[in-house]
C-alpha cells in the first residue's frame, strides 16, 4: 500500500476539506439564489482547485522519497493526467504572482471567461415571487505548443479532478 497508516489521518483531513469545497462548487453549478457577489462564487471555485491540487502535499506527508515521487507523477508534466496538470497550473497561477518553477502546461492558465444566467421564477402566490436563480459558468484557458489553446469548463474540470482522486484512493 502506497499510503502508510501513519499518514492516514493527515491526508484524510485535507481530502474531506477538498470534498466540502467540491460540494460547494456543485451547488453553484445547480444554480443559486444569489446571496453573494459574483467574485465570491468564483472564489469558491478557486478554493476548490487550490485544495484539490494541494491534497497531493498532504498525501505525500510521511512517505519516503520513492513514494513521494509517485504522488508527484500524478501532476507531472510528462506522466500526469491532463486534468491534474491544468488543476496544478491554475492553482499555482492563483497562488503565485509569476510561475518560475514547475509549469505543467501553461504558466498563464486562468479563468478566461465567466457567464451568468438569471432564471426568473414564477410568482409564488399572494403577490410574492420566488427568488430568481443564478447559474454561473467559468471557462479555464490552458495553452501549449503541442495542443494549442484549450478551454475547460470549470465544473467539468472539477468533476474530472475528483474522479482522478477517487480513482487514486480506491486503488491504494
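Residue 169 fulfils the conditions (1) modelled with pLDDT of 70 or more; (2) outside any helix (DSSP H, G or I); (3) out of contact with any helix residue (DSSP H, G or I) (no Cβ under 6 Å at 6 or more places or on another chain) except for a single criterion, (2). Within the range 127-144, the set of residues being over 20 Å from residue 46 (Cβ atoms) and either buried (at least 17 other Cβ atoms within 10 Å of the Cβ) or touching a residue at least 24 places away in the same chain (Cβ under 8 Å) (or both) comprises 131, 132, 133, 144. Scanning the range 145-159 for residues that are over 16 Å from residue 47 (Cα atoms) and crowded, with 17+ Cβ neighbours inside 10 Å gives a single hit, 152. Taking the stated definitions as given, is residue 149 at pLDDT 80 or above, farther than 18 Å from residue 26 by Cβ, outside any loop (DSSP other than H, G, I, E, B) and more than 18 Å from the chain's Cα centre (by Cα)? Answer is yes for this residue. The numbered conditions (1) surrounded by fewer than 18 Cβ atoms within 10 Å (Cβ to Cβ); (2) in contact (Cβ under 8 Å) with a residue 40 or more places away in the chain; (3) in contact with a helix residue (DSSP H, G or I) (Cβ under 6 Å, 6 or more places away or on another chain) are all true for residue 91 except (1).
The values are calculated or read from the model by the stated rules, or taken from the named source; none is laboratory data. Just so it is clear, the structure is predicted and the values come from calculations on it, not from any experiment. For neighbour counting, all protein chains shown are included, and Cβ atoms are generated from backbone atoms with ideal geometry for every residue, glycine included.
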